[in-house]
Amino acid sequence: MSAYSRPVLLLLCGLLLLTVSIAVLNTLVPLWLTHESLPTWQIGLVSSAYFCGNLVGTLIAGAVIKRYGFNRSYYFSCLVFALATAGLAYSVNFWAWLGCRYFAGVGCALIWVVVESALLRSGTVQNRGQLLAAYMMTYYLATVSGQLLLGIMPTGLLSVLPWVTALVLFAMLPLFFAAFGYQDVTQPHTSVWPMLKRRDARLGINGCIISGIVLGSLYGLMPLYLSHQGMSDGNVGYWMALLVSAGIVGQWPVGRLADRYGRLLVLRIQVFVVMLGSVAMLSGYAMAPTLFILGCAGFTLYPVAMAWACERVPAHELVAMNQALLMSYTIGSLTGPTMTAILMQHYSDQLLFVMIAAVALIYMVMLFKKAGHSSTPVATA
């Protein structure tokens, strides 16, 4: 039986529309504020408000899903995101935008937890890797599409907000034709914190933190590194597109390999390739193949680590585990670029790849320690 059932495909269609909107706003919001001559510290706080909303949304997602189920939680999340987006048109005011971006962050985090948890509950241990690979491919394709739209459409505030808000509302439609059941309401609600303490899932949780550090550093600081190498903005965009495209290409085969040969083996190979790509960048080898293998391994680390952790818990704890993993990834993506940027400023731009290789090496050591026993043979293959 195919992993890609009708409800799964409809859910991914909704995610595609939502992610296009998210990508467009994440790029344009700081630019709009810059055009309004807001000071840099205020622009930074507005960006931080979005990520704070992500953390809060991740923490409350389990209770929301427990009470309302997947479908209604998805509709609620989309409405919160749409209202927060439309609210930006009211006034280009620091405090108003701070609040709007905070609630947009809450809505986005709820959407991610709902979609990831629904996909995990729809699959089995044997095909979760494929489902998560499809999820990540949809996410990255939509992200690239959103960036491409900025090059062909007007980017003024009042030109963008109507169609972006409409996309978010249209993203609700696919789930009117697909129902995702939730566990028995008699099951107790599981907190995030016990999930973080589970020893048998620690490799997956740590993998999500490492993935956040690696991807946050690549997303946030690779353009800076390339620019300091003397490249034009157009060339920087080309190399970043290559990096993200490599992540898209790698999702499906890595997901299949993880399902067939086990998450542990694939995680070890991925981390080794990340280290190899980082060393190659430091050594000055051909940038195109080096960035391709770095993107292919780095951008596929999160779904494999997530699948590892989620197969350690029973079905009624999947939402709580998914919250814990998304929170771990968010923490990594916030702290990683900050630490790496400080090192780059004080020493050298080469510290970007030293940092990535160092955290990959730390995770490699964890992976080669005793991984623990699993109730499913595929997990320890």
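The values are calculated or read from the model by the stated rules, or taken from the named source; none is laboratory data. Nothing here was measured: the structure is a model prediction, and the numbers come from that model. In this analysis, Cβ positions are derived from the backbone assuming ideal geometry, glycine residues included, and neighbour counts consider all displayed protein chains. Calculation scope for accessible area: heavy atoms of the full protein, side chains included, ligands and nucleic acids excluded. Shrake-Rupley method; radii C 1.70, N 1.55, O 1.52, S 1.80 Å.
Remarks
- Within the chain, the selection of entire DSSP H helices by a Cα span of 24 Å or greater along the long axis and an average Kyte-Doolittle value of at least 0.5 returns 6-35, 40-86, 94-122, 128-150, 202-228, 263-283, 318-346, 351-368.
- Near A61, once Lys and Arg are set to +1 and Asp and Glu to -1 for all other residues with Cβ below 15 Å from its Cβ, the sum equals +2.
- Taken about its Cα centre, the chain carries a charge dipole of about 1020 debye when Lys and Arg each add +1 at the Cβ and Asp and Glu each add -1 at the Cβ.
- Solvent-accessible surface (1.4 angstrom probe) belonging to K369, in square angstrom, nearest 10: 130
- Exposure ranking of W252, W112 by accessible area [1.4 Å probe, largest first]: W252, W112
- R128 accessible area, assembled protein chains, probe 1.4 Å, Å²: 30
- Solvent-accessible area, 1.4 Å probe, carbon plus sulfur percent, for the chain: 68
- If you wrap the Cα atoms of the chain in a convex hull and average its projected area over all directions, you get 18.2 nm².
- Of the residues C208, L31, L221, the one whose Cα sits farthest towards the positive end of the charge dipole of the chain is C208 (charges of +1 on Lys and Arg Cβ, -1 on Asp and Glu Cβ, taken about the Cα centre).
- Cα gyration tensor, segment 190-371 - rounded (a/c under 1.5), prolate or oblate: prolate
- Based on DSSP H segments of at least four residues, each scored -39500 (n - 2.57), the chain has a per-residue ellipticity at 222 nm of -27000 deg cm²/dmol.
- When you filter the chymotrypsin sites (Phe, Trp or Tyr not before Pro) in segment 271-308 for DSSP loop state and at most 10 other Cβ atoms inside 10 Å of their Cβ, nothing is left.
- The residues of segment 261-381 present an accessible area of 40 Å² per residue when probed at 1.4 Å with all protein chains retained.
- Of G230, Y363, Q350, farthest towards positive along the dipole that unit charges on Lys, Arg, Asp, Glu beta carbons give segment 190-371: Y363
- Within segment 190-371: Cβ-based charge dipole about Cα centre, in debye rounded to nearest 20 (Lys, Arg +1; Asp, Glu -1): 700
- Summed residue charge, Cβ within 15 Å of L301's Cβ, Lys/Arg positive, Asp/Glu negative: +2
- Selection from T85, G53, L131 lying farthest towards where the dipole of segment 1-176 points positive, charges on Cβ: L131
- M339 versus L158: modelled label distance in nm, points set 7 Å from Cα along the beta carbon direction: 4.7
- Dividing the mean sequence gap of close Cα pairs (under 8 Å, 6+ apart) by how many residues the chain holds gives a relative contact order of 24 percent.
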